[in-house]
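Some notes on the structure that comes next.
The values are calculated or read from the model by the stated rules, or taken from the named source; none is laboratory data. Given the structure is predicted, the values throughout are model-derived calculations rather than measurements. Here Cβ is always computed from backbone atoms with ideal geometry, including for glycine, and neighbour counts include all displayed protein chains. Side chains are part of the model used for accessible areas, which takes the heavy atoms of the whole protein and leaves out ligands, DNA and RNA. Shrake-Rupley method; radii C 1.70, N 1.55, O 1.52, S 1.80 Å.
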Amino acid sequence: MSRRLVATTLLTVAALALAACGDDGDGGGGAVSVEGAWARTSPAMVNVGAAYMVLESDDGDRLLSASVDPSVAGKVEIHETMMMGGADTTMGDMGAETTMGDMGAETTMAEGGGAMSMQPIDSLELPAGEAVALEPGGYHLMLLQLAEPLESGDTIEITLTFETAGEQTVEAEVRDTAP
Ligand SMILES: [Cu+2]
């Protein structure tokens, strides 16, 4: 009995050690795949921007937060975009700090009728093996308190914090339109 217990313990330790190695960042293990990261150019009068990418985790994970250097933006939030039913719902429950810029950046997407609104979410679930797209009109990373407008051709570094995979830094190209 006790010998089996020891063997099990050793196996567990070995598995943990392997998992830890995988996290060291060579793309194996629990790393989340990040594809096609880009950020939209921001109009000069607006101090918020948005970044997009496709995330996929083999084993399932959760995006907890994102950040950028203070020289890019003061704060990054995970947002989801929602279709609003009525035409008179526009500015309702948005924080004063994000209001104008968010509306400017996002209402252009609402051409099919109906107003769009967005709100911060605490985290973004990444089901195992399922690509989760952050894209215009859907989930996105909101860059608040931009230090300078995002201009086409710029590249910004975004650090993503995942529940399991930990921190991963990606480069996002600033573009006028989706790649
Ligand atoms: Cu947003």
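Tabulated results
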| quantity | calculated |
| --- | --- |
| Residue-level accessible surface for T41, protein heavy atoms, 1.4 Å, Å² | 40 Å² |
| Spin-label model distance (nm) - A133 vs A147, 7 Å beyond Cα toward Cβ | 3.2 nm |
| Stretchable slack from I121 to M82, in nm (0.36 nm times residue separation minus alpha-carbon distance) | 12.9 nm |
| Chain lengthening between T177 and S33 when straightened (0.36 nm per residue, less Cα-Cα) | 49.6 nm |
| Segments 139-145, 157-163, 119-125, 52-58 sorted - mean Cβ within 10 Å per residue, highest first | 139-145, 52-58, 157-163, 119-125 |
| Fully extended contour minus Cα-Cα distance, from V46 to L64, at 0.36 nm per residue | 3.9 nm |
